[in-house]
Structures are given as C-alpha cells and as structure tokens.
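Structure record follows, encoded as structure tokens.
The values are calculated or read from the model by the stated rules, or taken from the named source; none is laboratory data. Everything quoted here is computed from the prediction, not taken from an experiment. In this analysis, Cβ positions are derived from the backbone assuming ideal geometry, glycine residues included, and neighbour counts consider all displayed protein chains.
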Amino acid sequence: MHGRAENLRAEGKEVIDFSIAVSHFAAPQAVVDAVRAGLDQRTPLPYTSVSGALPLRRNLAAKLRRENAIDADPQEIIATNGAKQALYQALYVLTDPGDAVIVFAPYWPAYRATLELLGLHPVYIDLPATLTAADLARWPAAKLVILNNPHNPSGKVFTTAELAALTDWMAAHGAAAVVDESYEHLIFEGRHISLAATCDWRAAGVVTLFSASQSYGMMGWRAGFALAPAPVVAAMETLQGPITAAPAALSQLACDAAFAGGPARAMLDDYRQRRDLVVGRFAALPWIDMPSPRSGPYLWGDVRRLTHDTVGFAERLLEQQRVAVMPGDALGQPGWIRLGYISDDVATLREGIRRIAVFGDALAAASS
Ligand code: PLP
C-alpha cells in the first residue's frame, strides 16, 4: 500500500498515507551533533570490526544494564543495519530450513518474509489478550519463537507473568527465542520488561533485537543491534562480514548517541496526543472497533462488522478517498486494518480520519 501511495504521489495525486509509520520527528539533536562531529574530524572513516566499534558495543552494554536490567558483555552485542538485518542473521544462525518457528498473528510482515527466505516453517498463533500457561500447553513443539514486545500492531506490552510462562515453555521444549524490542521506548501505559532480564538469557538461548528506527524516529539511519550469547554473535558476525561488514561508521556514531539518550519524551507525548485524538474519533463510528494501544505508532482496527475483505476495503479507500491503510491480511489477520498515525501534521491526520469515516459510513449504509 505504501508503494501504491508513493506511485500515486509521483503521478501528482494527493494521498494521505497511513500504511506505514514513519515519524514526523527528526533524529534527536544529540545524534545529529555526534554525526557532524564525526565528519568534522576529517579523519578517514574506518572499517570498524564487523560487529561494530568496541566503544559503541561497550556503551550499548551499559544501556542494557541501565534501561533493561540485562547484564551483557560487548562480545555479546552486534551492531546491525537495523533490526531487520539482525533478525535475518539470528534466524539464519539458530535454525535449519524446515524448522518450526512460532510467531504471533498479527505479525510484522518482515517476520513472514524472513521465515520464507530462510525456508522455515512458520506456525502462526493468534495473539491472546493474556498469554497463559494454558495457551502455551496447546502450542506445538518448535525450534524457536519470535516475540515482538511491545507488539506491532496491537500495542500489547507483555507482563512479567506472561514472560515467565513463555520461558517455562521454552525450557520445557528446548526452544530458543528471538525477542524484537524495537518499540521498547514507545510505551504509553504499562512498563516494558525485557525477556532477557527475567531469565538466564544465555542458557535459555534468547536473542534480543533493538532498533533506533521507531524509538528515536531514525528509520533511514539503519541503526540497530542484537544481544545474543557470544557464540551466536560470532556466527552472526561471520554472516554479516561478507554481506555488509559493519554498519556504516556514521550510523554507528548515530546509534551510540541515540541509545545514550534514553526515551524521547517529547516524541512520546506527541504520539500519545495523536493516539487519543484518533481513537476518540473512531469511537463514535459503529462499524469499527479500535482499542487504544498501550504502545507503538499504530492503531489496529477491527472492521469485521463491515467486511472481512480488507484488501478490497483498502483498495477502494485508496481509489475513492486517497487514503492508504494496511489491510490486516498483510499481517496475517484479515478483517482488521492498521493505521500508522505518526507521519503527517495533525491537520492531515484529522483529514485522513474524516475521509476514512466518510468511506466506512457509506459502506455501512450500503450494506444495511
Ligand atoms: N521490528 C518491528 C516489529 C517493526 O515494526 C519495525 C519497524 O517498523 C522494526 C523492527 C524496525 O526495523 P529496522 O530497525 O530494520 O528499521
């Protein structure tokens, strides 16, 4: 949908694009300053070690201690071109083709694409409101589970009890986990708890992914990292070396400055206000159920009262009202739509919501 929206814009058509969430915030000033200082030194920007410069990894280990209550050494950290590269490399290292991997649906489309690329066998499990031992008892055996905490697109923030139930299940089945914590700083309600802080993460085989993309509005900087047991990091490094080597030296400076900065409070306050605005407007519409997410840059709306054909819904909405949303089909859950609400100015956000309301009201009237 994002590509379609871009194509329409290239044809000179005006489109409001809620299909992805690209922040309207620029990177924090400290990040820009760090990169500028790096350039001003006028020394050659070197190849760093493949897993990232040692001072960066030391600082990231300190961030993990400070913010996530995780004890880690620099050799257990690898800097990557965003969480996506870390995800691919972690799955490549921890699995063999055909292995079963459990993923909650709805899911980030990149999980599905990566599992397909690696010839893995995805097992999609509906995301429960609360994950319990009784749920887990019904899961099939698997080599690995992917946990996105906080969760895109629902905004679910997993509790200590849920994480404990999951680590019990992992221990019972000898399953590893890749935990994507890319939204760790976008929490409106509740508290983010890293799975790795709740267990002996090395023994449990937990790989945790972090990204500056969403936490600091730095999507294009490609700044992320993974925390994994040292042998897993070494294997990820072996894979990363011939493909991209380390992330660009300037992105490493940016990564360092971003994660040194803690949560971006002004950004979070802005997102919260927008979330409340949009959820409030949708609350008045009888054909959509849009819960207020506890975290993240997305709204996840149930339109099954209106239609299960959410691809058709999204296509007609784009044609008729020039608003792009992501059909839930792309996230493994038809009948829902996802809206990224952090990209435009507030007037455009209001206008986009108005158009969706006009479109949905007309559809509801036609089907009644
Ligand atoms: N993980 C999830 C679940 C996401 O939705 C996103 C981006 O939107 C990311 C990670 C960020 O990936 P990257 O760091 O490669 O930009």
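Pairs meeting the criteria (first residue in region 50-62 and at positive phi, second residue assigned to a helix (DSSP H, G or I), beta carbons under 7 Å, at least 6 apart or on different chains) are Gly52/Gln252.
Within region 257-265, does at least one residue satisfy the condition of being in a helix (DSSP H, G or I), loosely packed, with under 15 Cβ neighbours inside 10 Å and modelled with pLDDT under 95? Checking region 257-265: at least one residue is in a helix (DSSP H, G or I), loosely packed, with under 15 Cβ neighbours inside 10 Å and modelled with pLDDT under 95. Evaluated against (1) modelled with pLDDT under 95; (2) within 15 Å of the ligand (Cβ to nearest atom), Gly190 falls short on exactly one condition, (2). Among the residues here, Phe225 does not qualify as touching a residue at least 60 places away in the same chain (Cβ under 8 Å), within 16 Å of the ligand (Cβ to nearest atom), in a helix (DSSP H, G or I) and aromatic (Phe, Trp, Tyr).
In the set (1) away from the ligand (no atom under 16 Å from the Cβ); (2) buried (at least 23 other Cβ atoms within 10 Å of the Cβ), the condition left unmet by Asp180 is number (1). Taking region 1-11, which residues are within 16 Å of the ligand (Cβ to nearest atom) and either touching a residue at least 60 places away in the same chain (Cβ under 8 Å) or buried (at least 16 other Cβ atoms within 10 Å of the Cβ) (or both)? Result: Met1, His2.
Of all residues in region 12-69 being in the same structural domain as Leu209 (by TED's automatic domain parsing) and in contact with a strand residue (DSSP E or B) (Cβ under 7 Å, 6 or more places away or on another chain), which is surrounded by the fewest Cβ atoms within 10 Å (Cβ to Cβ)? It comes out as Ala61.
So that you can scan it fast, the table gives a plain yes or no per residue for (1) more than 16 Å from the ligand (Cβ to nearest atom); (2) in contact (Cβ under 8 Å) with a residue 60 or more places away in the chain; (3) not in a loop (DSSP other than H, G, I, E, B):
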residue: Leu115; (1), (2), (3): no, no, yes
residue: Pro128; (1), (2), (3): yes, no, no
residue: Leu131; (1), (2), (3): yes, no, no
residue: Gly155; (1), (2), (3): no, yes, no
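For Arg281, the conditions (1) more than 16 Å from the ligand (Cβ to nearest atom); (2) farther than 28 Å from Gly332 by Cβ are fulfilled apart from (2).
The residue pairs whose first member lies in region 77-91 and is modelled with pLDDT of 95 or more and part of a helix (DSSP H, G or I), whose second member is of a type in the set (D, E, K, R) and crowded, with 24+ Cβ neighbours inside 10 Å, and whose beta carbons are closer than 9 Å, counting only pairs six or more residues apart or on different chains, are Ala83/Asp180; Ala86/Asp180; Leu87/Asp180. Might you let me know whether region 24-47 holds any residue that is over 17 Å from Asp345 (Cα atoms), basic (Lys, Arg) and outside any helix (DSSP H, G or I)? Yes, because at least one residue in region 24-47 is over 17 Å from Asp345 (Cα atoms), basic (Lys, Arg) and outside any helix (DSSP H, G or I). Does region 231-239 contain at least one residue that is within 14 Å of the ligand (Cβ to nearest atom) and in a helix (DSSP H, G or I)? Scanning region 231-239 turns up no residue that is within 14 Å of the ligand (Cβ to nearest atom) and in a helix (DSSP H, G or I).
Based on this model, can you work out whether Gln89 counts as surrounded by fewer than 20 Cβ atoms within 10 Å (Cβ to Cβ) and at negative phi? Criteria not met by Gln89.
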